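Presented below is the structure to which this report refers.
The values are calculated or read from the model by the stated rules, or taken from the named source; none is laboratory data. For clarity, every value in this text was computed on a predicted model and none was experimentally measured. A quick note on method: Cβ atoms are made from the backbone with ideal geometry, for glycine too, and the neighbour counts reach across all protein chains shown. Areas reflect the complete protein model, heavy atoms only, side chains present, ligands, DNA and RNA absent. Shrake-Rupley method; radii C 1.70, N 1.55, O 1.52, S 1.80 Å.
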Amino acid sequence: MINTFFVWDLGGTKCSAGIIEHNTVSNKIICKKKTSVKLAETTSLEDLIFKLEDNLKMRMSQANAICIGAAGLYDGETLILEGVYPYPMRFAAIAKAQCWPHYAIIHDYASIICSTFTNYMDSPQNVLRLNDSPIDTHGRRVAFGIGTGLGGKDGVLFPDGSFWLGRNEIGHIGVTTPPMADQSALQRHHELIHFLYSLETSHHPITFEKILSGPGTSRLHQFFYPSQGVLSPEEVGINLREGKASELLNAFAWYTGLFVGTIQLMFMPEGGIWITGGVALNHLEIFQSPEFFAGINASPAYILQREKFPLGVLCNLEHALIGCGYYAANKLFKTNFQNLAQNKVEASQ
């Protein structure tokens, strides 16, 4: 039996969507069709939905279930992310008006974690492995993404196919002082933190997101190349690709490693740490840099155990859609099917 799910990956600048098919016999999940729409090209949530449906040639009401992975907090009526979305995201009213099937709006990195539970991980073109440690199928795992911001989530897959998703905001962890680093790295760290504080006029905390994000690359560029003025993340990206910002790249790789080491110590993820996000995927050379591994080793506690944890980069841009499909199959459709079956039993008694 094939079930069809309409899924979204909704961010602050664009929305990707796809049609996911789940084979209930083989338990395989595939993305049959996908599209992407920039929010700036739409006038309302209704307009966004119309464009997604038109591109995919399918109405959301025709799906067996709908899952939307989104940045922000969904309160049961509206998706809230202050100052990011260009118009109100009042999903509940639209779902009722358009007769949507069972649906859920989940944290955008919950969908990334769910993708790691699927056959998506079996294809080398989907995952760039940074070590050869085997994945503990039922071990705790963490996914994080370096993009416009720094998002992340942890989760566990249980032997019966059910799963648990953590509630955390790991991108807002304060930048840690490395427990052990060579003198030059430590001096660079202290000077950079002092510089970041000098940029803040409202006493905002200095979190990892201040460095590991698109805007973070702009701050790093100001730090290393002050004479060039303030560049946009896009301009910094061009410089990186042209090999004009090697100091920035080394520092970015080191802080990415420091963040990985911090997350390893916090979660001890036997199921692996899986990295994605636009900035990370556009600069895969980060993960080949000795600075990346030096950053990991700057937190040396339990290093022999941590070296056994899988580590990799999720490269195929379908992972968020696949993860939403997995969530729909195992939380929405299965639960709805069980409830219907239970109602039939109760009605017959």
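Look through Thr262, Thr256 and report the one residue that is hydroxyl-bearing (Ser, Thr, Tyr), closer than 17 Å to Thr177 by Cβ and open to solvent by less than 10 Å² (accessible area, probe 1.4 Å). Spell out how you get there, then give the answer.
Numbers: Thr262 fails: open to solvent by less than 10 Å² (accessible area, probe 1.4 Å).
Matching residue, one of Thr262, Thr256: Thr256.
So if I check each of Leu240, Leu212, which one is in contact with a strand residue (DSSP E or B) (Cβ under 6 Å, 6 or more places away or on another chain) and either in a loop (DSSP other than H, G, I, E, B) or over 29 Å from Met266 (Cα atoms) (or both)? Walk me through it before giving the result.
Numbers: Leu240 fails: in contact with a strand residue (DSSP E or B) (Cβ under 6 Å, 6 or more places away or on another chain).
After applying the criteria, what remains is Leu212.
Checking the conditions here, which among Ile113, Ile68, Ile94, Ile135 is surrounded by fewer than 20 Cβ atoms within 10 Å (Cβ to Cβ) and not in a loop (DSSP other than H, G, I, E, B)? Before the answer, list the steps.
Details: Ile113 fails: surrounded by fewer than 20 Cβ atoms within 10 Å (Cβ to Cβ); Ile68 fails: surrounded by fewer than 20 Cβ atoms within 10 Å (Cβ to Cβ); Ile135 fails: not in a loop (DSSP other than H, G, I, E, B).
Going through Ile113, Ile68, Ile94, Ile135 in turn, the sole match is Ile94.
Could you check, for region 205-214, whether at least one of its residues is charged (D, E, K, R), in contact (Cβ under 8 Å) with a residue 12 or more places away in the chain and farther than 17 Å from Asn250 by Cβ? Working first, answer last.
Within region 205-214, the subset charged (D, E, K, R) is 209-210.
Still in the list and also in contact (Cβ under 8 Å) with a residue 12 or more places away in the chain: 209-210.
Next cut, farther than 17 Å from Asn250 by Cβ only: 209-210.
So far as region 205-214 goes, yes, one or more of its residues are charged (D, E, K, R), in contact (Cβ under 8 Å) with a residue 12 or more places away in the chain and farther than 17 Å from Asn250 by Cβ.
Do we have Arg167 as outside any helix (DSSP H, G or I), more than 25 Å from Arg129 (Cα to Cα), in contact with a Lys or Arg (Cβ under 9 Å, 6 or more places away or on another chain) and basic (Lys, Arg) here? Don't jump to the end; show me each part of the working.
On the way: outside any helix (DSSP H, G or I): yes; more than 25 Å from Arg129 (Cα to Cα): yes; in contact with a Lys or Arg (Cβ under 9 Å, 6 or more places away or on another chain): yes; basic (Lys, Arg): yes.
Considered against the rule, which asks whether it is outside any helix (DSSP H, G or I), more than 25 Å from Arg129 (Cα to Cα), in contact with a Lys or Arg (Cβ under 9 Å, 6 or more places away or on another chain) and basic (Lys, Arg), Arg167 comes out as yes.
Given the options His189, His172, His194, name the one that is open to solvent by 60 Å² or more (accessible area, probe 1.4 Å) and either at positive phi or in contact (Cβ under 8 Å) with a residue 12 or more places away in the chain (or both). Walk me through how you get there before you give the answer.
On the way: His189 fails: open to solvent by 60 Å² or more (accessible area, probe 1.4 Å); His194 fails: either at positive phi or in contact (Cβ under 8 Å) with a residue 12 or more places away in the chain (or both).
Step by step, each of His189, His172, His194 is checked, and only His172 is open to solvent by 60 Å² or more (accessible area, probe 1.4 Å) and either at positive phi or in contact (Cβ under 8 Å) with a residue 12 or more places away in the chain (or both).
If you take the residues of region 135-176 that are at pLDDT below 90 and β-branched (Val, Ile, Thr), which of them is nearest to Leu317 (Cα to Cα)?
Thr148
Take the residues of region 71-81 that are outside any strand (DSSP E or B) and not hydrophobic (A, V, I, L, M, F, W, C): which is most open to solvent (accessible area, probe 1.4 Å)?
From region 71-81, those outside any strand (DSSP E or B) are 71-72, 75-78, 81; that's our starting set.
Narrowing further to those that are not hydrophobic (A, V, I, L, M, F, W, C): 72, 75-78.
On the way: Gly72: 34, Asp75: 93, Gly76: 37, Glu77: 112, Thr78: 35 Å².
Filtering first and then ranking leaves Glu77.
Which residue pairs have Cβ atoms closer than 8 Å, lie 6 or more positions apart in sequence or on different chains, and pair a first residue in region 47-58 that is assigned to a helix (DSSP H, G or I) with a second residue that is of a type in the set (S, T, N, Q)?
Listed pairs, sorted by first residue: Leu48/Thr42; Ile49/Gln98; Lys51/Thr42; Leu52/Thr35; Asn55/Thr35; Leu56/Thr35.
Could you please let me know if Gly257 is among the small types (Gly, Ala, Ser), within 30 Å of His138 (Cα to Cα), out of contact with any Ser or Thr (no Cβ under 7 Å at 6 or more places or on another chain) and assigned to a loop (DSSP other than H, G, I, E, B)? Write out each step before concluding.
Numbers: among the small types (Gly, Ala, Ser): yes; within 30 Å of His138 (Cα to Cα): yes; out of contact with any Ser or Thr (no Cβ under 7 Å at 6 or more places or on another chain): yes; assigned to a loop (DSSP other than H, G, I, E, B): no.
No: the conditions fail for Gly257.
Residue pairs, Cβ under 9 Å, 6 or more apart or interchain, first in region 228-255 and more than 24 Å from Ile296 (Cβ to Cβ), second basic (Lys, Arg) and not in a helix (DSSP H, G or I). List them.
Once the first residue is more than 24 Å from Ile296 (Cβ to Cβ) and sits in region 228-255, its partners that are basic (Lys, Arg) and not in a helix (DSSP H, G or I) give Ile238/Lys244.
Return only the number of the condition from (1) over 25 Å from Gly145 (Cβ atoms); (2) of a type outside the set (S, T, N, Q); (3) open to solvent by less than 80 Å² (accessible area, probe 1.4 Å) that Pro226 does not satisfy.
So the condition that Pro226 fails would be (3).
Taking the condition under 21 Å from His319 (Cβ atoms), open to solvent by 20 Å² or more (accessible area, probe 1.4 Å), hydroxyl-bearing (Ser, Thr, Tyr) and at pLDDT 95 or above, does Ser26 pass?
Values: under 21 Å from His319 (Cβ atoms): yes; open to solvent by 20 Å² or more (accessible area, probe 1.4 Å): yes; hydroxyl-bearing (Ser, Thr, Tyr): yes; at pLDDT 95 or above: no.
No, not satisfied.
Residues of region 31-50 being surrounded by fewer than 17 Cβ atoms within 10 Å (Cβ to Cβ) and not small (Gly, Ala, Ser), which ones? Explain how you work it out, then say what you get.
Our first condition is that a residue be surrounded by fewer than 17 Cβ atoms within 10 Å (Cβ to Cβ); within region 31-50, this holds for 32-33, 35-36, 38, 40-41, 43-44, 46-47, 50.
Result: Lys32, Lys33, Thr35, Lys38, Glu41, Thr43, Glu46, Asp47, Phe50.
Just give me the residues in region 282-319 being under 30 Å from Asn23 (Cα atoms), at pLDDT below 95 and not in a loop (DSSP other than H, G, I, E, B), in sequence order. Lay out the reasoning, then the answer.
Here is the first cut: in region 282-319, the ones under 30 Å from Asn23 (Cα atoms) are 310-319.
With at pLDDT below 95 added as a condition, the list becomes 315-319.
Of everything in region 282-319, just one residue is under 30 Å from Asn23 (Cα atoms), at pLDDT below 95 and not in a loop (DSSP other than H, G, I, E, B), namely His319.
Restrict the check to region 53-64 and report whether at least one residue is of a type in the set (Lys, Arg) and closer than 29 Å to Asn168 by Cα.
Residues of region 53-64 that are of a type in the set (Lys, Arg), as a first pass: 57, 59.
Okay, now just the ones that are also closer than 29 Å to Asn168 by Cα, so none.
No, region 53-64 contains no residue that is of a type in the set (Lys, Arg) and closer than 29 Å to Asn168 by Cα.
Looking only at region 197-214, filter to residues that are under 22 Å from Gly152 (Cβ atoms) and exposed (fewer than 14 other Cβ atoms within 10 Å of the Cβ); which one of those is modelled with the lowest pLDDT?
From region 197-214, those under 22 Å from Gly152 (Cβ atoms) are 204-214; that's our starting set.
Adding the requirement that they be exposed (fewer than 14 other Cβ atoms within 10 Å of the Cβ) leaves 204-205.
Values: His204: 75, Pro205: 84.
This residue is His204.
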